[in-house]
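Accompanying notes for the structure given below.
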Amino acid sequence: MKTDNALLKVAARPATGPLTHDDLTFILFGASAAQYLNAACELNLFELLEHKPGLAKEEIALRLELQPRAIDILLLGTTSLRLTERVDGAYRNAEVISRMFKEETWAIFKSVVGFEQYICYEGQVDFTESLKANRNVGLRRVRGAGRDLYHRLSENPHMEQVFYEYMRSWSELSNPLLFKHVDFSGVRKVLDVGGGDGVNAIALAQAYPNVEVTVLEIPGTAPLTRRRIAEAGLSERIKVHAGDMFAEPFPPGHDCVLFSHQLVIWTPEENTSLLRRAYEALPPGGRVVIFSSISNDAGDGPLMAALDSVYFAAIPAEGGMIYAWEQYESWVKAAGFKRADRIPCGAWTPHGVLQATK
Ligand SMILES: C[S@@+](CC[C@H](N)C(=O)[O-])C[C@H]1O[C@@H](n2cnc3c(N)ncnc32)[C@H](O)[C@@H]1O
């Protein structure tokens, strides 16, 4: 587990001052900017420049097997966006990208780019319709009959691979923040609700040798979760419970319930009901831990929380967004917990932890 990298430390700076025409350019052509980033990733431009900084345009074209017009376009875009720098005709990566290679977080970042490209882009076209209908109209662009994105992934192998590669990366990038801010040493057994491919359960079991974990996952994903846990050699301490978190009471016998990147998916009513199930399943003194991106109570950011909310509004399930701290607090209280503690993580991503004890 990486515990120290620049992405965890750099707190996003809020945008200040009045909107400029340059700001408008970024907003208007935001989709094009993301396409430049994705193309450069898929063509392995950044890998090339990291290993051979200072190449000229013609050499880059040769190695990427691009025609002159195509390399002109690609480097015009990446350099205007400051992803690459051009000094005396020689190209190199932006410092922030170079640093990701050195800190070995580049593969993580790249899988987030893949997620935006292959999971988010198509369905986000239905954002306006999703707002009007107050539900995820963009799911219609994902093949399959499942009731939400997660129940359609096993029908779409490429999407499933991209999704879980991203989810694992996003959690590997961020869960050091969870372990930095929450002490699990007094915990005996954790229920990881919608635990994905087990990425957090595995990190938790590795960090705390006395902790056992149950991952609650849908039957379509449970085999992948079991495989990943077996590969990590942790099948004795991490069990997978294949089921539906909404359809049955939570499995008993846990003194901590973890919702990681989970309550961003569901409506406020569904979140209150999930937290109530957690309250009912916990013994007195048991804890619920919510780990997610969280937005400001003032409703003005962080920017990443706002931009990420388009995906949650348009695609995965009927209702969701990067909710605000006070919303989580109100649901935790409605579920029966007396009080909740806020722990903002102050990182590049808008992650935070909310913790409450029964
Ligand atoms: C956004 S992912 C989060 C995965 C993991 N917690 C993490 O932080 O990396 C949401 C997960 O919840 C699972 N999920 C969705 N609906 C579920 C349900 N009704 N019951 C159990 N798991 C569910 C999905 O299959 C998916 O793996």
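The values are calculated or read from the model by the stated rules, or taken from the named source; none is laboratory data. This structure is a prediction, so every number in the text was calculated from the model and none was measured. Neighbour counts run over all protein chains shown; Cβ positions are idealised from the backbone, glycine included. Just the protein is used for accessible areas: all its heavy atoms, side chains included, with ligands, DNA and RNA removed. Shrake-Rupley method; radii C 1.70, N 1.55, O 1.52, S 1.80 Å.
Compactness check for segment 240-351: Cα Rg over 2.2 N^0.38 Å is 1.07.
Kindly list the residues of segment 281-319 that lie in the label zone of Phe26, defined by a backbone N under 13 Å from the point 7 Å along the Cα-to-C-beta vector. Those under the cut-off are 303-304, 307.
Restricting segment 36-127 to trypsin sites (Lys or Arg not before Pro) that sit in a DSSP loop and have at most 15 other Cβ atoms within 10 Å of their own Cβ leaves Arg82. Note on the chain: Cα Rg divided by 2.2 N^0.38 Å, N the number of residues, gives 1.04. For the options Asp297, Asp72, Asp88, a Gaussian network treatment of the chain with springs between C-alpha atoms closer than 10 Å singles out Asp88 as fluctuating the most. When shorter helices are ignored and each DSSP H run of at least 4 residues is given -39500 (n - 2.57), the per-residue value for the chain at 222 nm works out to -13500 deg cm²/dmol. Element breakdown for the chain at a 1.4 angstrom probe: carbon and sulfur atoms account for 54% of the accessible area. Our summary gives the chain a relative contact order of 18 percent, counting only alpha carbon pairs under 8 angstrom and 6 or more residues apart. With all protein chains kept in place, the per residue accessible area of the chain amounts to 49 square angstrom at a probe of 1.4 angstrom. With R₀ fixed at 30 Å, the C-beta to C-beta distance from Arg140 to Leu303 puts the FRET efficiency at about 0.60. On the basis of the beta-carbon distance and an R0 of 25 Å, Ser185 and Asp341 show a calculated FRET efficiency of 0.90. Treating the angle as unsigned and between 0 and 90°, give the value, to the nearest 10°, between the Cα long axis of helix 106-115 and the longest Cα principal axis of the chain. The angle comes out at about 80 degrees. To the nearest 10, the accessible area of Met321 is 80 Å² with a 1.4 Å probe. Of the GluC sites (Glu not before Pro) found in segment 158-208, no site is in coil according to DSSP while having at most 14 other Cβ atoms within 10 Å of its Cβ. Annotation: lysines with alpha-carbon distance below 16 angstrom to Lys102 (same-chain offsets under eight excluded): Lys2, Lys9, Lys52, Lys110.
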